[in-house]
1. Quick one: if the Förster radius is 22 Å, what FRET efficiency do K86 and F9 give, using the C-beta to C-beta distance and rounding to 0.05?
2. Among all the lysines, which ones have a C-alpha under 18 Å from K168's C-alpha, if same-chain residues fewer than 8 places away are not counted?
3. How do I230, I96 rank when sorted from fewest to most other Cβ atoms within 10 Å of their own Cβ?
4. How large is the helix-only mean residue ellipticity at 222 nm for the chain, computed as the sum of -39500 (n - 2.57) over DSSP H runs with n ≥ 4, divided by its residue count, in deg cm²/dmol to the nearest 500?
5. How long is the gain from F184 to I57 if the chain were fully straight, where each residue apart is worth 0.36 nm and the alpha carbon distance is subtracted?
6. G212: net charge of surrounding residues, Cβ under 10 Å, Lys/Arg +1, Asp/Glu -1, itself excluded?
7. How large is Rg over Rh for segment 2-310, taking Rg from the Cα atoms and Rh as the Kirkwood inverse mean of 1/r across Cα pairs?
8. Arrange R22, R87 by Cβ neighbour counts within 10 Å, fewest through most, would you?
Amino acid sequence: MLSVFTLIFPIFALIFLGWYLRKRDLLNDSATTQLNKFVVWLALPALLFDITATSAIASLWQPGFVLSFTLAVFVIFTLTVAVQRKRNMSLSESAIDGLNTSYANTGFMGFPLLMAVAGSETQTPVLIATIITVCVLFAVAIVLIEIDLSKAVSLRSLIADVSVKLLKNPVVIAPMAGVMFTAFDIDPPHPLLTTASLLGHAAAPCALVTIGLFIAGSHTSTKGSSASVISFVITKLLVHPALAYVIAMLIMPDNATGIFYVVLLSALPAGTGPFMLAEYYQKEAAKVSASILITTVMSPFTLGVIIYLFQ
């Protein structure tokens with residue numbers, strides 16, 4: 001459990017630094033929006049391009065793991081969206097809430113945690129989980145948000161409107177470009193990869209600082225939505241890994257190691273992706289930031305229990 005606390009310390013440190021800078025007026029309210037725009041338009045697309053352009057397709061072919069992790073993610077996401085829609089939330093708000101309960105922090109915590117627990121052989125499963133979460137799940141959420149925000153009056157115009165917006169969205173375009181390099185077995189130019197790597201490494205820390213800025217400068221209370229936040233936390237830390245265990249047991253019952261990886265990655269706290277979209281689209285940011293903070297605080301205990309049960 002100590003190793004888990006060690007892993008999450010930088011997350012809290014960066015959130016605290018953002019909070020401190022805002023409280024001292026070293027950064028003002030506009031910094032939250034501007035820094036988040038940097039993440040959404042430059043850092044995150046660069047990270048997605050770097051991940052997809054440098055991934056060997058052959059090494060990612062682990063059908064049991066892929067199916068188990070993907071099903072768990074999208075069942076949780078879909079159920080959350082359905083429940084929020086029943087509560088009369090808009091489709092865009094429901095999609096962001098769906099990310100709250102299904103978007104695991106695989107990139108920032110997954111690699112070091114599984115490396116510490118099971119060694120270097122875990123890099124491929126974590127990479128697969130990161131691609132599914134950061135590329136596929138993120139893209140689905142963006143599609144739902146854009147559908148909700150579209151002012152199109154017919155199905156044809158809706159499809160055209162959303163398609164144009166998606167093709168203008170760097171978070172969607174960047175991984176598509178990376179996949180093209182991988183699919184045709186083309187090595188991206190080294191200067192391009194270096195640039196993408198430099199920008200990509202800024203995505204997580206900048207997003208965490210932005211969360212701190214938002215918390216310090218927010219005039220929006222989560223009091224009225226505390227029940228939602230609690231349900232998001234319970235779903236992310238308990239329901240998601242429990243469902244992942246059931247699904248993985250059904251799909252690959254003889255692969256104890258694979259089941260462990262699926263469950264542990266599913267049990268990770270909420271990542272920064274939901275906040276990036278919440279702040280960018282100006283929806284649900286208060287609830288999202290609270291969920292990220294609380295799931296991160298509680299995760300050492302839930303992750304510690306899972307590691308203990310499997311070892």
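1. 0.05
2. Answer for K168, where 18 Å is the Cα cut-off: K37, K151, listed by chain and number.
3. If I rank by nearby Cβ atoms, fewest first, I get I230, I96.
4. Value at 222 nm, helices only, nearest 500: -23000 deg cm²/dmol.
5. 44.7 nm
6. Around G212, the charge tally is +2.
7. Working: Rg = 18.7 Å, Rh = 19.7 Å.
Ratio of gyration radius to Kirkwood radius for segment 2-310: 0.95.
8. Neighbour counts put them in this order, fewest first: R87, R22.
Here, each number is a calculation from the coordinates, and none is a lab measurement. These numbers come from a predicted model, not from an experiment. Every residue, glycine among them, receives a Cβ derived from its backbone with ideal geometry; neighbour counts consider all protein chains shown.
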